[in-house]
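What follows is one structure encoded as structure tokens, with my remarks underneath.
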Amino acid sequence: MTQKTFWVNPYQTFHKTIVASVDGNDITLQSTIFFAFSGGQESDHGTIGGKQVISARKEGLEIVYTLAENHGLTVGKTVDIEIDWTRRYRLMRLHFAAELILELFYKSLDGVDKVGAHIAETKARIDFSWPESIAPMLPEFTLRANQIIEADLEIKCAFDDVVTERRYWEIDGFSRVLCGGTHVKRTGEVGQIRLKRNNIGRGKERVEIFLAS
């Protein structure tokens, strides 16, 4: 099973590892800093052994990377992983911003139900099952979220269950939330955010989250 080094140090952009298996264009690694799509957070972009990664996916607790044909990698070969740091850092910031907004919804609206989420490089979104417009709530949620961000609080991340690789993030006095994504160390790294409502259908609401810079 691949060791997920991106949890140990989500700020690492270069990593040396060994190819663990090869099945045609699909490979696995002994360890990795290359995050695969999970929990709505998009995969990293980058290279393994100098070859562009076409896709990264989770299969149980394993991560499988698809490379182009004729990649030439073999089991036991030592390879370098390099990821696009600009993209990773924006994903980390937007991921936590989305988690923060989600927690504010949970704390404020009894019975609200998340039905979807997606974290991309340009924006994040959360979809809710809710019978009325969330637009009137967004100014307050924006203010409260930005206050937490400005406070530059520590974000602690650890395993809730090591065997199943279930992880969480926690801010003392605010929340402890199960999440296996990559996170910044402090809320201040997120920077100011803004929110936008998008009605996606009867009984469903979407909030879009944007970074100010």
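Brief remarks follow.
- Annotation: amide H-H contacts under 5 Å for L153 (H modelled 1.01 Å from N, sequence separation of 5 or more, or interchain): T187, G188.
- Gaussian network model of the chain, springs between alpha carbon atoms under 10 Å - residue of Y168, Y89, Y106 with greatest fluctuation: Y106
- Candidates A135, A145, A124: whichever shows maximal mean-square fluctuation once the chain is modelled as a Gaussian network with Cα springs under 10 Å: A135
- Among L94, L195, L178, the order of accessible area from largest down is L178, L195, L94, computed with a 1.4 Å probe on protein heavy atoms.
- Ranked order, V115, V22 - accessible area, probe 1.4 Å, largest first: V115, V22
- A 1.4 Å probe run over the protein chains yields, for segment 1-140, 45 Å² of accessible area per residue, whole-number rounding.
- Solvent-accessible area per residue, Å², over segment 142-206 with all protein chains present [probe radius 1.4 Å]: 57
- Across segment 98-110, computed HN-Hα scalar couplings (Karplus, 6.51 cos²θ - 1.76 cosθ + 1.60, θ = phi - 60°) run 5, 4, 5, 5, 4, 5, 5, 5, 4, 6, 9, 10, 5 Hz from first to last residue, x flagging Gly and Pro.
- Only protein heavy atoms count here; on that basis, with a 1.4 Å probe, W85 has an accessible area of about 80 Å².
- Solvent-accessible area, 1.4 Å probe, carbon plus sulfur percent, for segment 1-130: 47
- Accessible surface of segment 133-194 [probe 1.4 Å, protein heavy atoms]: carbon and sulfur percent: 52
- The GluC sites (Glu not before Pro) of segment 156-213 that DSSP puts in a loop, and whose beta carbon has at most 16 other beta carbons within 10 Å, are E165.
The values are calculated or read from the model by the stated rules, or taken from the named source; none is laboratory data. Since we're looking at a predicted model, the values are computed, not measured. Quick reminder, even Gly has a Cβ in these numbers, built from the backbone with ideal geometry, and neighbours come from all protein chains shown. What goes into the accessible areas is simple: the full protein's heavy atoms, side chains included, and nothing from ligands, DNA or RNA. Shrake-Rupley method; radii C 1.70, N 1.55, O 1.52, S 1.80 Å.
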